[in-house]
1. Can you find a residue that is of a type in the set (S, T, N, Q) and in a loop (DSSP other than H, G, I, E, B) anywhere in the range 51-60?
2. So, Arg46, is that one outside any loop (DSSP other than H, G, I, E, B), among the basic types (Lys, Arg), surrounded by 11 or more Cβ atoms within 10 Å (Cβ to Cβ) and at pLDDT 80 or above or not?
3. Could you pull out the residue among Gly70, Gly22 that is modelled with pLDDT under 95, loosely packed, with under 13 Cβ neighbours inside 10 Å and part of a loop (DSSP other than H, G, I, E, B)?
4. Filter the range 112-149 down to the residues that are at negative phi, crowded, with 18+ Cβ neighbours inside 10 Å and in a loop (DSSP other than H, G, I, E, B) and list them by number.
5. Looking at (1) under 16 Å from Pro128 (Cα atoms); (2) modelled with pLDDT under 80, which is the only condition Glu37 fails?
6. Return yes or no: is Gly77 surrounded by 10 or more Cβ atoms within 10 Å (Cβ to Cβ), at pLDDT 85 or above, within 21 Å of Ser119 (Cβ to Cβ) and in the same structural domain as Val138 (by TED's automatic domain parsing)?
7. Of everything in the range 76-111, what is farther than 22 Å from Ala48 by Cα and in a strand (DSSP E or B)? Give them in sequence order.
8. If I go through the range 80-134 residue by residue, how many of them are among the aromatic types (Phe, Trp, Tyr) and either outside the structural domain of Thr64 (by TED's automatic domain parsing) or modelled with pLDDT of 95 or more (or both)?
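The values are calculated or read from the model by the stated rules, or taken from the named source; none is laboratory data. For clarity, every value in this text was computed on a predicted model and none was experimentally measured. Neighbour counts are summed over all protein chains in view; Cβ atoms, including those assigned to glycine, are modelled from backbone coordinates with ideal geometry.
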Amino acid sequence: MEQVRRHPLLDSIAGQVVNLTGLMLVILSIPAFLIHETWSEQEAMRQAWSIAGPACPVVQASPTSFGDKGPRSFEYGAVRFERRYGHASCVAPPERGMVSEKTYRVCQFSAPSTLAVTSGGRTVVYKPGTGRRATVTVRDGQISCVVGGWFSG
C-alpha cells in the first residue's frame with residue numbers, strides 16, 4: 001500500500017492560520033454580498049420610480065372635478081389618493097442610505113384626468129389631462145406631481 005505524502009506547510013501552524021483566514025473571508029463575504037444586493041435593489045427601485053417630466057397643473061377642486069360617479073380613491077400609507085379614471089401602481093422606496101427605515105410614497109397613474117392627493121391634512125388637486133400618465137411623489141410631507149411615467153395599467 002502506497003502512503004500519501006502530505007505537504008508540510010498544510011500541517012504547520014502557518015498553514016492552519018492561512019486555511020482559517022480563508023474560511024473567515026468566505027464567511028464574512030456572505031453578509032457583504034447580501035448588503036450590496038439589497039442596496040442595489042433599493043437603488044434600482046428609486047431610479048425606476050424617479051420620473052422626470054413637466055409639473056402637473058394645479059387646479060381648484062370643484063364639484064365636477066371627478067364626474068358624476070365621484071373619485072376612485074385609496075390610501076397608501078398615510079396618504080389618500082383620488083383619481084377620476086385609470087389605474088394606479090404605488091411603491092414605498094426607502095430613503096438613501098444603507099440602514100434607513102424611512103420611506104416615501106410614489107404612485108403612477110395610467111390616465112387619471114384629475115388627481116387629488118391628501119397628506120398631513122393638506123389636499124392638492126392636479127389636472128394632468130385626459131389620457132396622460134402622471135406620477136405623484138409624497139416625500140417629507142411635500143406633494144409633487146409630474147406628467148409622465150411608464151405604468152400603463
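1. Among the residues of the range 51-60, at least one is of a type in the set (S, T, N, Q) and in a loop (DSSP other than H, G, I, E, B), which makes the answer yes.
2. For Arg46, the condition - outside any loop (DSSP other than H, G, I, E, B), among the basic types (Lys, Arg), surrounded by 11 or more Cβ atoms within 10 Å (Cβ to Cβ) and at pLDDT 80 or above - is not met.
3. Result of the check over Gly70, Gly22: Gly70.
4. Listed by number, the residues that qualify are Pro112, Arg132, Arg133.
5. Condition not satisfied by Glu37: (1).
6. The answer is yes for Gly77.
7. Of everything in the range 76-111, those that are farther than 22 Å from Ala48 by Cα and in a strand (DSSP E or B) turn out to be Arg80, Glu82, Arg83.
8. 3
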